[in-house]
Amino acid sequence: MTTVQEERTTEELKALAERAGRELEDASALEILRWAADTFGSRFCVTSSMEDAVVAHLASRALPGVDVVFLDTGYHFPETIGTRDAVEAVMDVNVITLTPRQTVAEQDAEYGPRLHDRDPDLCCALRKVKPLEEGLKGYQAWATGLRRDESETRADTPVVGWDDKRRKVKISPIAKWSQEDVQTYVAEHGVLTNPLLMDGYASVGCAPCTRRVLEGEDARAGRWAGRSKTECGLHG
Ligand code: SF4
């Protein structure tokens, strides 16, 4: 693995992100990730919800042994945990599992059961946003699998941008891909995917907040269905 450990100030990182966002808009996903590998080395990681391992696979081609960060909220489907374990077993990546400060039982004891039904923003803050903030501390840049076609809220996703909340470079190498592009890459490279994608789920999150999508719905319609909430707070 490359070991670029150059220290950069927040202003330098921000300028780097803005320039790369312009210069790499037309680059391929692999070119974007090669730039990330060359620029940040081991200070770069990929986050994965284990819906599929497409970005992890691409990143491992650019940076073998790359850190792949997975948030284990305690509410995942068994299929998601199985996908994480399979990725760890067969891919040239270093899976890092982050967990919240409290177990689900401890959270239930403090806040009452089913916080996800009563206050999903707080539940996501405790089980996703905070652990990710802690887990990303050592990195200068992180990559996500965000795509512009997933929902209106993601339509302007830059391929490289500035994550002001975490003060890091945020890379979305497949931002311009369609669902068909993802499927083609999965088929061509034999990439691991979450079995729930074959069972009517288009986007896989925590079990209590995810349902199958209906004909004609966008990919994220099955997340927090029936609520105004569309994002968990990790992206925006
Ligand atoms: Fe809680 Fe649902 Fe957010 Fe998961 S997606 S952290 S269960 S509110």
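Tabulated values for the structure
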{"item": "In order through region 33-43: 3J(HN,Hα) via Karplus (6.51 cos²θ - 1.76 cosθ + 1.60), integer Hz, x for Gly, Pro", "result": "6, 5, 4, 4, 5, 5, 7, 10, x, 6, 8"}
{"item": "Residue 170 accessible area, 1.4 Å probe, all protein chains in place, Å² to nearest 10", "result": "30"}
{"item": "Length gained when the stretch residue 183-residue 198 is fully extended (0.36 nm per residue, less Cα-Cα span)", "result": "4.2 nm"}
{"item": "Where 142, 177 fall by accessible area, highest first, once all protein chains stay in place (1.4 Å)", "result": "177, 142"}
{"item": "Heavy atoms of residue 81 accessible to a 1.4 Å probe, total area in Å² rounded to 10", "result": "40"}
{"item": "Largest-first ellipsoid semi-axes for the chain, taking √(5λ) over the Cα gyration tensor eigenvalues, angstrom", "result": "27, 21, 18"}
{"item": "Extension reserve of the residue 9-residue 96 stretch, reckoned as 0.36 nm per residue once the Cα distance is removed", "result": "28.8 nm"}
{"item": "Region 171-236-region 7-29 distance, computed between alpha-carbon centres (Å)", "result": "27"}
{"item": "Mean separation of Cα contacts under 8 Å, 6 or more apart, over the residue count of region 10-194: relative contact order %", "result": "29"}
{"item": "Amide proton proximity set for residue 93, modelled H, under 5 Å, gap of 5+", "result": "65"}
{"item": "Entries in 128/168; 14/128; 130/168 that, when Cα-Cα distance is taken, lie over 22 Å", "result": "14/128"}
{"item": "Antiparallel %, DSSP beta bridges [both residues in the chain], to 5", "result": "30"}
{"item": "Karplus (6.51, -1.76, 1.60) ³J(HN,Hα), θ = phi - 60°, over region 52-58, in Hz, Gly and Pro reported as x", "result": "7, 10, 5, 5, 4, 5, 4"}
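The values are calculated or read from the model by the stated rules, or taken from the named source; none is laboratory data. All values reported here derive from a predicted model rather than from experimental measurement. Side chains are part of the model used for accessible areas, which takes the heavy atoms of the whole protein and leaves out ligands, DNA and RNA. Shrake-Rupley method; radii C 1.70, N 1.55, O 1.52, S 1.80 Å.
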